[in-house]
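The values are calculated or read from the model by the stated rules, or taken from the named source; none is laboratory data. Keep in mind the model is a prediction, meaning the values are calculated, not measured. Cβ: placed from backbone, ideal geometry, glycine included. Neighbour counts: every protein chain shown. These area figures cover heavy atoms from the full protein model, side chains too; ligands, DNA and RNA do not enter into them. Shrake-Rupley method; radii C 1.70, N 1.55, O 1.52, S 1.80 Å.
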Amino acid sequence: MTLNTVAPSDDTQQPTLRAEAVAAASRFAPRARELRQHVIDHHEIHPELWSELCDRGWPGLLRSDGLAGMSLVLEAFAEQGILLWLPVLSSAVAHAIDKQGPDPARRWLEGVSAGTTLLGVAMTEPETGHNVFATRTQIRRDGDTFVVNGFKQVTSGLDIVDRVLVHGRAVGQDGTSSGYATVLVDPRAAGATATEVPMGNREGLRQFGLELRDVVVPAADLVGDVGSGMLVLWSFANVERVLTASICLGAARHCIEAAVDRARTRTIAGGLPIGTKQAISHPIARLHARYSAARSLLLDITAAFDAGDDGASFASNVNAVKVLASELAFDAADHTVQVFGAEAWDRRGPWMDLYLDARLSRSGPLSNEFALNFLAEHVLGLPAN
């Protein structure tokens, strides 16, 4: 049920779009588990769901309606327990291509907008994690191609995406480094080996390690300039974190509403619903307060981005909202498990997957520790080690 007490604080940005997204998500909500399992079993987003999104032009919302529009749609589906992580990756990579070029790589954008192309990303490595400055992957120019060597630790949806954005050191023929580069790699190309990592299909996707041995990439699939790969990552990462926060806030609202509904009706002793107990009600009320504040910040961020503001203050707010939304999603899922009791642990229900996915959002797409490091150093002026 939808509760006025946790209604979004402001939907004035694009009210018609949000209403359409809420209506569409509500129709698919009873099939949320089926939709999740289909991706895992059939290596594709459920065709009925994807057709609905594509028919409405929603895979291309970031280009047509801006970050606010894409955020609203992803949030609306998450509010119904449908977490669309692949469109986050695909849209964020497409934005980086659109912003950084060069022109040959932009040929992928039309497919992303139409929903016929899905893009992923391969960044983290076993020894360096999210420290992309320390990447050991090498990208070497060889005539009209690039040759890629390295290993990426955890990459999502390699069984589904058409290309994956790989970040590495740009090296010359003599092996000397000249900054960083990013290229779009076919995960099925010769020399690319994807090995599934048994992570329990977190985020409703299979996770893989990706080994790259002399993988040849056409020069047309370079994103950005050789040596300036970090600019591509910043363009990608800011959008990815904002859209991740959108899903986290939608998932948090989904959990809060379920917890409120359950606390109103579940009785354990004395004939009164458990919602009468402050040990149950106060944590839910606190979650609602946090949700309202974080969502207000998210709306400010998406409005600023669409107005052309992606400077220092924008980056600070992006890191802040990612931390707030991911920790809220986890705490909301955790308290909802407590409210439901043993019923929440039944794997035929949604709560364990929501709980574990929310936990993962604190570690990625950029760990909260990295986000807090940024805030401490660049906003508070604290010394960095």
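General observations
- Taking GluC sites (Glu not before Pro) across the range 333-378, none is in a DSSP loop with at most 16 further Cβ atoms lying within 10 angstrom of its Cβ.
- Modelled this way, with points 7 Å down the Cα-to-C-beta line, the labels at Val379 and Asp98 are 2.6 nm from one another.
- In degrees, nearest ten, helix 66-78 long axis to first principal axis of the chain (Cα): 50
- Proximity of backbone amide H atoms, modeled 1.01 Å from N, is registered between Asn201 and Gln207 at under 5 Å, excluding neighbours fewer than 5 places apart on the same chain.
- For Val321, the solvent-accessible surface computed with a 1.4 Å probe is close to 0 Å², ligands and nucleic acids excluded.
- Relative contact order for the range 146-185: 33 percent, from Cα pairs under 8 Å spaced at least 6 residues apart, divided by residue count.
- Protein accessible area in the chain, 1.4 Å probe - carbon and sulfur %: 52
- 0 to 90° range, to nearest 10: angle between helix 229-265 axis and the chain longest Cα axis: 20
- Cut-off 10 Å between beta-carbons: net charge of the residues surrounding Gly275, Lys and Arg +1, Asp and Glu -1: +3
- Space enclosed by the convex hull of the alpha-carbon atoms of the range 1-159, per residue, Å³: 156
- Note on the chain: Cα convex hull, mean projected area over all directions, 19.3 nm².
- Backbone HN-Hα couplings from phi across the range 138-146 [Karplus 6.51/-1.76/1.60, Hz, Gly and Pro as x]: 10, 10, 10, 6, 9, x, 8, 9, 10
- Near Ala376, once Lys and Arg are set to +1 and Asp and Glu to -1 for all other residues with Cβ below 15 Å from its Cβ, the sum equals -1.
- Nearest-0.05 FRET efficiency for Ala29 and Ala293, computed from C-beta distance (R0 25 Å): 0.45
- Counting only DSSP H runs of at least 4 residues, each contributing -39500 (n - 2.57), and dividing by the residue count of the chain, the helix-based mean residue ellipticity at 222 nm comes to -16000 deg cm²/dmol.
- With DNA, RNA and ligands ignored, accessible area of Thr176 (1.4 Å probe; Å², nearest 10): 80
- Angstrom value of the Kirkwood radius, inverse mean 1/r, which spans all Cα pairs in the range 201-338: 18.0
- Note that the chain presents 42 Å² accessible area per residue, ligands and nucleic acids not counted, probe 1.4 Å.
- Mean sequence separation of contacting Cα pairs (under 8 Å, at least six apart), scaled by the length of the chain, corresponds to a relative contact order of 17 percent.
- Most to least accessible of Glu44, Glu127 (protein chains only, probe 1.4 Å): Glu127, Glu44
- GNM flexibility winner over the chain from Ala307, Ala29, Ala78 (Cα, springs under 10 Å): Ala307
- Positive minus negative residues near Ile160 (Lys, Arg vs Asp, Glu; Cβ under 14 Å): -3
- Each Cα pair under 8 Å and six or more residues apart adds its separation to the average, and for the range 77-185 the resulting relative contact order is 22 percent.
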